[in-house]
Amino acid sequence: MVGVQLVTTAVALVVVDAVQPRRSALAWIKEAKRRYARTRRYAQVSAIATRNGLVRQVRVWPNFSDHERNAAFARSLRRTLEEAGVTFVKLGQLLSTRDDLLPPEFTDELRGYLPHSGSVFAQLSDELQGYSTSSGALRFGVDEPLPVPLVKKLIAVRLRQAFAA
């Protein structure tokens, strides 16, 4: 019933906009093309979410104390964000830093989006003694670049992590 009302409302809005456009016919056609492209992208992202099991996870009533279900949900979310594209990966990076909003299973799963996760720094703690680090960031002075061997080690550890999953 709700679907019928939604479709009826959408059709009515299109008809009203077509009958009494607020802009020229050419502008209306260009806008219609943009709307079509946007709707098509929404459909693609929805298909990606469904394929990766995210929709199935969302339909289940959330229980944040169930760690196994949270981990499965987090994996589905990560796969969906990766497949949906760069903007969604950026969203995953942002969410990975929000321990105050998400359970640990989610932030741990999404932390791999950070250029250097904390575990990289933990593995190279001896080599990083003179540098300041925090949640994926390594700070060093502009006039004191990182030594090339250290950069190579950071990259090697991060690649091992990325391809181990």
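Partners of Lys153 within straight-line reach, counting aspartates and glutamates whose Cα lies under 20 Å from its Cα and excluding those fewer than 8 residues away in the same chain: Asp126, Glu127, Glu144. Near Gln123, once Lys and Arg are set to +1 and Asp and Glu to -1 for all other residues with Cβ below 11 Å from its Cβ, the sum equals +1.
For Ala10 and Leu91, a Förster radius of 22 Å and the Cβ-Cβ distance give a FRET efficiency of 0.25, rounded to the nearest 0.05.
We did not get these values from a lab; they are worked out from the coordinates using the rules stated. Remember, predicted model here, so these are calculated numbers, not experimental data. No Cβ is skipped: glycine too gets one built from the backbone with ideal geometry, and neighbour counts run over all protein chains shown.
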